[in-house]
1. Towards the positive end of the charge dipole of the chain, with charges on Cβ (+1 Lys, Arg; -1 Asp, Glu), say which of 47, 244, 378 has the farthest Cα.
2. Mean Kyte-Doolittle of at least 1.6 and a Cα length of 30 Å or more along the axis: which whole DSSP H helices of the chain meet both?
3. Which FRET efficiency, nearest 0.05, do residue 391 and residue 54 yield, Cβ-Cβ r, R0 35 Å?
4. For the chain, what does -39500 (n - 2.57) per DSSP helix run (n ≥ 4), summed and divided by total residues, give at 222 nm, in deg cm²/dmol to the nearest 500?
5. If you take the beta carbon distance between residue 15 and residue 306 as r and set R0 to 22 Å, what does 1/(1 + (r/R0)^6) give as a FRET efficiency, to the nearest 0.05?
6. How high is the relative contact order of the range 203-353, in percent, counting Cα pairs under 8 Å that sit 6 or more residues apart?
7. Find how much the distance from residue 155 to residue 201 grows on full extension, using 0.36 nm per residue of separation minus their present alpha carbon separation; answer in nm with one decimal.
8. Label-point separation (nm) for residue 272 and residue 86, each offset 7 Å from Cα along Cα-to-Cβ?
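The values are calculated or read from the model by the stated rules, or taken from the named source; none is laboratory data. In this text, all values refer to a predicted model and were calculated from it rather than measured experimentally. Positions of Cβ are generated from backbone atoms using ideal geometry, with glycine treated the same way; all protein chains shown enter the neighbour counts. Keep in mind that these areas ignore ligands, DNA and RNA; they rest on the heavy atoms of the full protein, side chains included. Shrake-Rupley method; radii C 1.70, N 1.55, O 1.52, S 1.80 Å.
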Amino acid sequence: MMSVEGPLISALIARLDEPKYNLAAYGVAYALALIIEAPVIMIMTASTALVRDQYSFAKLKQFTYILNAVITLLMLVLVIPDVFYFLTEDLIGLPGKISNLTHIAAIILIPWPAAIGYRRFYQGILIRNNLTRRVAYGTIVRLSVMSLTAFTLFIYFDVPGSIVGASALSVAVVAEALASRLMTSGSLKRLAVETNQAQDKLTLKSISKFYYPLALMSLLSLGVHPFVTFFVGQSNMAIESLAVLPVITSFVFIFRAFGLSYQEVIIAKMGDDKRGYVPLRNFAIMLGGFLSICLIIIAFTPVAEIWFTDVSGLSKSLSDFSILPLQIMAIIPALTVLISFQRSVLVSSKNTGPISRATAIEFFSIVMIMIVAVKMFSIVGAVAATSAFVLGRSAANIYLAKYISKIKQAL
């Protein structure tokens, strides 16, 4: 359900004035907010794995609030005009018009990263207590509020599309965060009377040691997007590439989302004795294959053009421009399911170090591919970026395979 918001917002922006500039501005603002948000992305994984009683709840909550304060401060620093325009115009090379729109969108997104951290903390508790339906209910709240906000601005207010998208995202995620907190009330009451003698007492230091590789993974994984944006801004057909990339990636995210959400399922169902390994692996194989086959069918048939033109609202030229990058990304859903399985098995084994190293390999592979593709071969930005995403993820999958093989042999 979360994957619906990207295509919906892109479709609305594409139907407002100056869609090319506003899609580009929205995509850049979103990429910058993602890098700030990165340290809290894995809080849901940590919450699912660690919160077992009142004490562990209190400690991880304290840890989460500290992270939220830090990333909010970073957002405030980012939107300082001198800092922001140096980054977007001097480093990335955005035209002044796009940079101005991006700045306003980034200001609107200030509460977004901390709200993400807050709600993912409570969503982890819901997952731990087998209340996964409530996670879905929270997403319904998010989509409903996002749609209401977006359509209200779209219909009744004369504001740029990038502002419509950023406003809808910020308001929606705050609403979802509050809903997630309310839905954990019963679980928190049970935690208040539970003790877990078998679990080592958590401290901020032990949480940091467990969480650091996960945070580094998120930071590198999401942090690569501003680097990609930088190189796309320097590439052949830069504005067209910046305009279509958020449309392409938000559509691919619909298929990737199943693999991303599978990560917490594996952690919750693996079992301390790893009894769930084989059925979870088999399901991952079926899920990844099914998702990529579906996307391949769409990408290599006229359905892709229908999606980009009629649903996303792109012009015929931008729609045609989007086809090849989408085809390149068609295998990404399978690679996402695979890496979610690999990461979750390692988290269940309390061995998070290889996860951050694999992400570092992915990060540097993407950056190097972008340098070579854009600077040496002048490849179109959108093609270079999607190719880098696929090759970088493949490198991370290959690196983690040896660790999963060792765990499998030990079963």
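1. 47
2. Qualifying helices, which must be both long enough and hydrophobic enough, are 277-299.
3. 0.15
4. One gets -26500 deg cm²/dmol as the mean residue ellipticity at 222 nm.
5. Numbers: r = 16 Å, r/R0 = 0.74.
Once the sixth-power term is evaluated, E becomes 0.85.
6. Reported relative contact order: 36 percent.
7. On the way: separation 46, 0.36 × 46 = 16.56 nm, distance 5.35 nm.
Length gained between residue 155 and residue 201: 11.2 nm.
8. 5.2
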